[in-house]
Amino acid sequence: MVNKVKKRKAKKKIFLESILVFFIAVAPFIYKIYEFLPYDADGNASILGLSFGNNGFPDTQTYLWFLTSKIVPLYLLIFWFLTSRDWWYHIIIIPIAMFAFQLFEVFFDSDSYVDTDNIWWLIPICMITIPFVYFIRIKLYDKHVHGIDLEAMDAELQELKQKDIHFSDTSNPQDDLDINKEIDVKSISEELNTKFSTGNIENNLKGIQDKVQNWLHF
């Protein structure tokens, strides 16, 4: 039974990875597809039953070139983000958002210009993603270059706190009250640090990526 489950998962993984490989391999041809489409007398093109006009561009071919020049890098970056194991993979969100906003601007913006205001839409994403990746880099550099292991330091502090609690059992009630107050203050501080720490945010984002990768069985 276990072997059947493993074989089924292996087949699904190979199938999904084959799809990724296929779309990566045909990316140059998808990018150039606008040159080989049939155009009618009005200059419109038809793809899989869908008709495309110029949508404000000089001609339909220019419009389709713009779409393929955004769609192809976008889905390649998404593939990269979903399959990456590097610590800095979160930074890929920025170019993904850039191409997504450019496509959104073409389809839903009312003015006649493209690739203009979408750079401002990226600022909030950059303000979150860049410091987050930089903090991860600092944490890794401190651990592997400077030899500063924050997790080991936290464990040592926890051990000292346990010793303080044990020591309070033999102390007078007033000292015990003061130590408990100190422990409560430390606990609140530690809880806030835990909730808003880089490691906790990293674990949450990593959990989201792992869920997507488990669903795709990468």
Selection from the stretch 1-31 of residues that are under 26 Å from Leu67 (Cβ atoms) and in contact (Cβ under 8 Å) with a residue 60 or more places away in the chain: Leu16, Leu20
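For the stretch 63-81, enumerate the residues that are closer than 30 Å to Leu140 by Cα and either modelled with pLDDT under 90 or over 14 Å from the mean Cα position of the chain (by Cα) (or both). So that I can check it myself, show each step before the final result.
Our first condition is that a residue be closer than 30 Å to Leu140 by Cα; within the stretch 63-81, this holds for 73-81.
Answer for the stretch 63-81, where residues must be closer than 30 Å to Leu140 by Cα and either modelled with pLDDT under 90 or over 14 Å from the mean Cα position of the chain (by Cα) (or both): just Pro73.
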Output for the stretch 32-46, where each listed residue is free of Cβ contacts under 8 Å to residues at least 12 places away in the same chain and surrounded by 12 or more Cβ atoms within 10 Å (Cβ to Cβ): Ser46
Conditions (1) of a type in the set (A, V, I, L, M); (2) surrounded by 12 or more Cβ atoms within 10 Å (Cβ to Cβ); (3) modelled with pLDDT under 90: number failed by Met98: (3)
Residue match in the stretch 100-119 (condition: within 30 Å of Leu140 (Cβ to Cβ), among the small types (Gly, Ala, Ser), within 24 Å of the chain's Cα centre (by Cα) and part of a loop (DSSP other than H, G, I, E, B)): no
Those residues of the stretch 22-31 which are surrounded by 12 or more Cβ atoms within 10 Å (Cβ to Cβ) and out of contact with any helix residue (DSSP H, G or I) (no Cβ under 6 Å at 6 or more places or on another chain), in sequence order: Phe23, Ile24, Val26
Yes/no for Leu82 being exposed (fewer than 12 other Cβ atoms within 10 Å of the Cβ) and assigned by TED's automatic domain parsing to the domain that holds Lys13: no
Any chance Asp59 is of a type in the set (Asp, Glu) and out of contact with any Ser or Thr (no Cβ under 8 Å at 6 or more places or on another chain): yes
Breaking point among (1) exposed (fewer than 15 other Cβ atoms within 10 Å of the Cβ); (2) closer than 17 Å to Ala25 by Cα; (3) not basic (Lys, Arg), for Trp88: (2)
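Residue-by-condition table, conditions (1) modelled with pLDDT of 85 or more; (2) of a type outside the set (Val, Ile, Thr); (3) under 22 Å from Phe107 (Cα atoms):
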{"position": "Lys7", "(1), (2), (3)": "no, yes, no"}
{"position": "Ile14", "(1), (2), (3)": "yes, no, no"}
{"position": "Glu17", "(1), (2), (3)": "yes, yes, no"}
{"position": "Leu20", "(1), (2), (3)": "yes, yes, no"}
{"position": "Tyr34", "(1), (2), (3)": "yes, yes, yes"}
{"position": "Asp42", "(1), (2), (3)": "no, yes, yes"}
{"position": "Gly49", "(1), (2), (3)": "no, yes, yes"}
{"position": "Gly53", "(1), (2), (3)": "no, yes, yes"}
{"position": "Gln61", "(1), (2), (3)": "yes, yes, yes"}
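Could you tell me whether Ile93 is at pLDDT 85 or above and either surrounded by 16 or more Cβ atoms within 10 Å (Cβ to Cβ) or assigned to a strand (DSSP E or B) (or both)? Explain how you work it out, then say what you get.
Working: at pLDDT 85 or above: yes; either surrounded by 16 or more Cβ atoms within 10 Å (Cβ to Cβ) or assigned to a strand (DSSP E or B) (or both): yes.
Yes.
The values are calculated or read from the model by the stated rules, or taken from the named source; none is laboratory data. Small disclaimer: the values here were computed from a predicted structure and weren't measured. Note that each Cβ is placed from the backbone with ideal geometry, even for glycine, and that neighbours are counted across all protein chains shown.
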